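To start, the structure itself, in structure tokens.
The values are calculated or read from the model by the stated rules, or taken from the named source; none is laboratory data. From a predicted model like this one, the values you see are computed outputs, not experimental measurements. Counting neighbours? That spans all protein chains shown, and the Cβs are built from the backbone with ideal geometry, glycine included.
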Amino acid sequence: MIDVISPAFYFLIASVIVAFLPHGVLRSALLLGTPIVAGLQILELPTGVGGAIELAGLTLETVRVDKLSIIFGLIFCFAAFIGNLYAIHVKDRIQQVAALAYAGSAVGAVFAGDLVTLFLFWEGTALTSVFLIWARQTEGAYHTGMRYLIIQIASGVILLGGVVMIYRETGSLAFEAMTLGSLATWFIFIAFGIKCAFPLLHNWVQDAYPASTITGMVILSSFTTKLAVYALARGFPGTELLIYIGAVMAVFPNFYAVIENDLRRVLAYSLNIQLGFMVVGIGVGTELALNGVAAHAVVHILYKALLLMAIGAVMFRTGKSKATELGGIGKSMPMTMMLCIIGAMAASAFPLFSGYASKSLITSGTSQAGHAGVWLALLFASAAALYHTGIKVPYAAFFAKDSGMRPREAPTHMLLAMSMTAFLCIAIGIYPDPLYALLPNAVDYTPYTMTHVIKQLQLLMFSALVFVVLMRIGLYPSEIKSVNLDTDVVYRRLLPRMITRLRNVISSLFMFGTWFAKGKAKKLVRALHNSHGPEGRMARVWPNGAMVMWIAIILTATLLVNFVR
Amino acid sequence: MLHVAGVSGLTIIDQLPMLTIVVPMLAAPLCVLFGNRHIAWLLAFLASVFSFLFATHMLLQVMDGDVLSYHMGGWEPPLGIEYRIDAANAFMLFLISGISTIVLPYARRSVAHEIKKVSHTLFYCCYLLCFTGLLGVVATGDAFNIFVFLEISSLSTYVLIAMGAERDRRALTSAYDYLILGTIGATFFVIGIGFLYMATGTLNLADLSVRMANMEGNRTIQAAFAFIIVGMGLKAAIYPLHLWLPGAYTYAPSVVTTFLAATATKAAIYVLMRFMFSVYQPDFVFELHTLTWIIMPLAILAIFAASLIAIFQTDLKRLLAYSSVAQIGYMMLGIGLASKSSLSATIVHLFNHGITKAVLFMVVGAYVMRAGSSFANNLNGLGKQLPWTSAAFVIGGLSLIGVPGTAGFISKWMLIQSVLEADLWWLAIMLVISSLLAVIYIWKTVEVLYLKEPDVSTLAMKEVPLSMLLPIWILAIACIYFGLNTEWTLSMADVAAEGLLNGGGK
């Protein structure tokens, strides 16, 4: 037993104070200071279990400290700091309170020692984060937020169901590694899967994140899904099913990402792909792979935040985020462009950038464990990631066809937040040892060997070549289609069509599912309204005679039950 | 340990079981005699405070499983009337007098707004009589005395509900309906008691249970059971005997609704538990059958049907009334399972739901005062105009849903645990789903309060006075406090359940 309190409470207390502080230096200081204080406290935490709270006869262990929780706790604190710094110009109190409470819930969940605490903070992340979507204050954002909330709450409810069943089966609430088998573990697995955006459960990511505010998406992208990755790494390491789920996650959103026009949505798809990498790592479950998961979670939070901040800054200045509406902005936003490119390089896993130091842990772990097919899928996903995240995002925003816009450079605090993140993206890439030292297992891996570097460069160069070729012949799918038909019409049309067709088939399958459920639900609600609504049979003001009839019926029934054996 | 006392008891402490009930009973006629509405309120409040202090003192005495037995007029039971206080009814006395003490300060302004001044003295007189009746029903250990007090509380309740006619004439028909149905219920109950008397020759509850112990096959006893269940079930608004409740709660003055919702049905449920588990032996086969085939299915039906109806309601009071019917379903479910843990879940829920519903109805009363009605259409955007009141509604709503950290969570958690103990996992899942229905109707209201644009008329509305806000917030904080600190309520409920199953400390 260690005598500590969960770092989550720093955030939660701070969020309450922020709710009452007037806008000003004090509030900003609290927004920035809380993650730092919490982060420093995490570094001080002794290993062990503690922070016990009594609730309804159960002992909740709110703090469980080991290397896995520390690394996630630290990166969450850093992400909260960066997110708040980036959003320091925002005066909306609700967003600030929500951001702090959201980060706090995520940190609390990471340190949760038992399933009930996990559930409480799990729901906490859902309830707080939705305000970052609603903060946009449009009708669409409201509906999107509702959809998001329903899915997130559903995840929590399923988790609770699983927890209760586990408690019944084992009498213990400890949150330890589980094996899939009983109904209870499946419930928990699905609950984690929803938040982790498993295939078919993933739609909320692309639906909700781009609908949130500019600053909101930076914060949203860091916590919920990575919390799910943590929960899976803690609860289901080495579950083989995860390897295949992860592989699908890593491969198939690529098609969407390539043809997507809205750059923030591209990044949302790319987020999904990187989650796939982590899920594969958890499924492989070897020490090396799990190290890769933790490392990639850290690295991915950093570079995804950097990319989102850069695109966010562009959107902040121009109000646009679509590839076709942007272009040529690099001339007037050179700093943002530089930082975005650093993020893109990290995302594409260029040697000397952070993505290289983490992704290779997972891919090596996968190939060492003998999953050749999955390894190939991951390679394909890496190549494709370069294609849409590494090249398309910065290219469409800062180069491409000049849109004529000449926005001012991003505000200083945004640049500061981006620079700090970019610094880490490079620092980890050049000197990954401090990161490796934080990983859950001892690291015996050298990223910079000749074979590793060459293999990676080959992969990257070839992808880049494909991109350049496609650009040259004007085949890149998101570009405006030209009118001159020529011999290349086969290629020009075929590839985009195939991709579109494939997407249509898959998405219409999903759509059918949701449509079917929605239609049924609508019918059900209508029927219920007819029977239970104010004018319905059930809710009408009944005459007294009816009530007396009920009395007679119940009395007769009771007498019958009593007399007849 | 059994403590016996009568009128000859030496100290005032010995007289507490009697004083708790007699003080408000004597205060009631005084209200009318003085004829001044301010003095009437003061008398009601003081009587309520005294009852509350007495009840608290008795609760502390019986917390460890002791039993107080008070002999009315010095006549020995079973011939004389006995007041028998164990943990279960001390807890109920505490709840009823506590709610009354908190509601009365709130009542001053709310009643002034909803009822014309001439009737105020009568109102407080009837209120005190109703209060007396409920306390008496709970405190007494004599079956016929239960009926007498039940009638005292019922008759005054009819008057109280009818006083809502000032605001809406439909209060009159609602009161009339309740009068008819309530009388039928009371009649059934007294028929049941008559059967019991016929079969055993006694009316004292403890004595009844001793004499009935080996009379399981007796048809008269069995018929009595059915009559008592139906009679008291009507007062407790067991689905589908709830039809009087929505009208009565909707059109009664807000204070009355608050007080009744938090206490009246609870007292009836207490009597049901007392008869089912103390008077009748819970292992009687016919009783087990009734619990399994009548009480349980009706409870589950109540939880779903009433919640669904609540979802579609447009009048906030009616919505909460149907939600009460659903919550009574949860309590009956605990009774139906008939285990010690499920009984203590029911008792905890009696208490937690009592304070939760009181908060919600008081808030609605505040809305009625400001917006003139409790129709959702008139409440658009009120969250911004009445921020403190509306925040309390959200807290009460969360507790009603059973969100962790609120009192409502504790009782649902206990109930689900006892359901799982009985290996009914499908039922546990249904309970979780039913909570989602509560999410819908509470969210619907929150949406009206916070997300709808306020109307022009709404913009001028101000926060309600402190004398109303304070009681609301005391209970709202209680909702959270009892959700975090469960030691007291849970241990209390455990002792009470134990006492009930042991026949009141025979």
Revision key, fill the gap. For the stretch A:536-560, pairs from a residue that is not assigned by TED's automatic domain parsing to the domain that holds residue A:526 to a residue that is among the small types (Gly, Ala, Ser) and modelled with pLDDT under 85, with Cβ under 7 Å and 6 or more apart or across chains, are A:537/A:531; A:538/A:531; A:539/A:533
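State which residue is surrounded by the most Cβ atoms within 10 Å (Cβ to Cβ) when the search covers only the stretch B:408-430 and only residues that are in a helix (DSSP H, G or I), away from chain A (no Cβ under 11 Å) and not polar (S, T, N, Q). Explain how you work it out, then say what you get.
Within the stretch B:408-430, the subset in a helix (DSSP H, G or I) is B:408-421, B:425-430.
Applying the additional criterion that residues be away from chain A (no Cβ under 11 Å) yields B:408, B:415, B:418, B:426-427, B:430.
In the following step, the residues that additionally are not polar (S, T, N, Q) were identified as B:408, B:415, B:426-427, B:430.
Details: B:408: 29, B:415: 26, B:426: 9, B:427: 18, B:430: 14.
Within the stretch B:408-430, the match that is surrounded by the most Cβ atoms within 10 Å (Cβ to Cβ) is B:408.
Table: residues versus (1) assigned by TED's automatic domain parsing to the domain that holds residue A:294; (2) under 17 Å from residue A:347 (Cβ atoms); (3) at pLDDT 80 or above; (4) surrounded by 15 or more Cβ atoms within 10 Å (Cβ to Cβ).
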{"residue": "A:407", "(1), (2), (3), (4)": "yes, no, yes, yes"}
{"residue": "A:425", "(1), (2), (3), (4)": "yes, yes, yes, yes"}
{"residue": "A:431", "(1), (2), (3), (4)": "yes, no, yes, no"}
{"residue": "A:436", "(1), (2), (3), (4)": "yes, no, yes, yes"}
{"residue": "A:440", "(1), (2), (3), (4)": "yes, no, yes, yes"}
{"residue": "A:447", "(1), (2), (3), (4)": "yes, yes, no, yes"}
{"residue": "A:458", "(1), (2), (3), (4)": "yes, no, yes, no"}
Practice item. Return only the number of the condition from (1) under 23 Å from residue A:134 (Cα atoms); (2) buried (at least 19 other Cβ atoms within 10 Å of the Cβ); (3) among the hydroxyl-bearing types (Ser, Thr, Tyr) that residue A:62 does not satisfy. Key: (1)
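Looking at B:184, B:99, B:180, B:85, can you tell me which residue is out of contact with any strand residue (DSSP E or B) (no Cβ under 6 Å at 6 or more places or on another chain) and buried (at least 21 other Cβ atoms within 10 Å of the Cβ)?
B:99
In the list B:238, B:229, B:221, B:191, which residue meets the criterion of being touching a Ser or Thr at 6+ places or on another chain (Cβ under 7 Å) and within 12 Å of another protein chain (Cβ to nearest Cβ)? If you could, list the steps in order and put the result at the bottom.
Values: B:238 fails: touching a Ser or Thr at 6+ places or on another chain (Cβ under 7 Å); B:221 fails: touching a Ser or Thr at 6+ places or on another chain (Cβ under 7 Å); B:191 fails: touching a Ser or Thr at 6+ places or on another chain (Cβ under 7 Å).
Within the list B:238, B:229, B:221, B:191, the selection yields B:229.
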Review point. If you scan the stretch B:304-324, which residues turn out to be more than 13 Å from chain A (Cβ to nearest Cβ) and surrounded by fewer than 24 Cβ atoms within 10 Å (Cβ to Cβ)?
Key: none
Practice item. Count, please, the residues in the stretch B:389-410 that happen to be within 14 Å of residue A:123 (Cα to Cα) and touching a Phe, Trp or Tyr at 6+ places or on another chain (Cβ under 7 Å). Key: 2
Exercise for review: Kindly list, by first and then second residue, each pair from a residue in the stretch A:243-265 that is small (Gly, Ala, Ser) to a residue that is at pLDDT below 85 and surrounded by fewer than 19 Cβ atoms within 10 Å (Cβ to Cβ), limited to pairs with Cβ atoms under 9 Å and residues at least 6 apart or on different chains.
Suggested key: A:247/A:373; A:250/A:380
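Which of the residues spanning the stretch B:113-149 are in a helix (DSSP H, G or I) and under 20 Å from residue B:77 (Cβ atoms)?
B:135, B:136, B:137, B:138, B:139, B:143, B:144, B:145, B:146, B:147, B:148, B:149
Is it the case that residue A:391 is among the β-branched types (Val, Ile, Thr) and modelled with pLDDT of 85 or more? Outline the logic, then answer.
On the way: among the β-branched types (Val, Ile, Thr): yes; modelled with pLDDT of 85 or more: no.
Here the answer is no, as residue A:391 does not meet what is asked.
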Review point. When residue A:44 is evaluated against the numbered criteria (1) without any contact (Cβ under 8 Å) to a residue 40 or more places away in the chain; (2) within 13 Å of residue A:108 (Cβ to Cβ), which criterion, by number, is the only one it fails?
Key: (2)
Check your understanding: When you scan the stretch A:257-294, how many residues do you find that are within 15 Å of the chain's Cα centre (by Cα), more than 21 Å from residue A:217 (Cβ to Cβ) and of a type in the set (Gly, Ala, Ser)?
Key -> 1
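Scan the stretch A:526-551 for residues that are assigned to a helix (DSSP H, G or I) and at the interface with chain B (Cβ under 9 Å from one of its Cβ atoms) and jot them down.
The first filter runs over the stretch A:526-551 and keeps only residues assigned to a helix (DSSP H, G or I), leaving A:526-532, A:544-551.
Those that are assigned to a helix (DSSP H, G or I) and at the interface with chain B (Cβ under 9 Å from one of its Cβ atoms): A:528, A:529, A:531, A:532, A:544, A:546, A:547, A:548, A:550, A:551.
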**Study point:** For residue A:121: the one exception among (1) within 10 Å of another protein chain (Cβ to nearest Cβ); (2) at pLDDT 90 or above
**Key:** (1)
Check your understanding: Hey, any hits in the stretch B:325-333 for a residue that's closer than 20 Å to residue B:266 by Cα and facing another protein chain (nearest Cβ under 9 Å)?
Key -> no
Check your understanding: Among (1) buried (at least 22 other Cβ atoms within 10 Å of the Cβ); (2) more than 13 Å from chain B (Cβ to nearest Cβ), which single condition is residue A:135 missing?
Key -> (1)
Review point. Which residue, of A:509, A:495, is outside the structural domain of residue A:252 (by TED's automatic domain parsing) and modelled with pLDDT of 75 or more?
Key: A:509
Exercise for review: Output the number of the condition that residue A:20 fails; it satisfies all remaining conditions of (1) free of Cβ contacts under 8 Å to residues at least 12 places away in the same chain; (2) hydrophobic (A, V, I, L, M, F, W, C); (3) more than 14 Å from chain B (Cβ to nearest Cβ).
Suggested key: (3)
Revision key, fill the gap. Within the stretch B:278-294, residues without any contact (Cβ under 8 Å) to a residue 60 or more places away in the chain and at the interface with chain A (Cβ under 9 Å from one of its Cβ atoms) come out as B:289, B:292, B:293
Review point. Which one of B:433, B:395, B:442 is within 12 Å of chain A (Cβ to nearest Cβ) and among the β-branched types (Val, Ile, Thr)?
Key: B:433
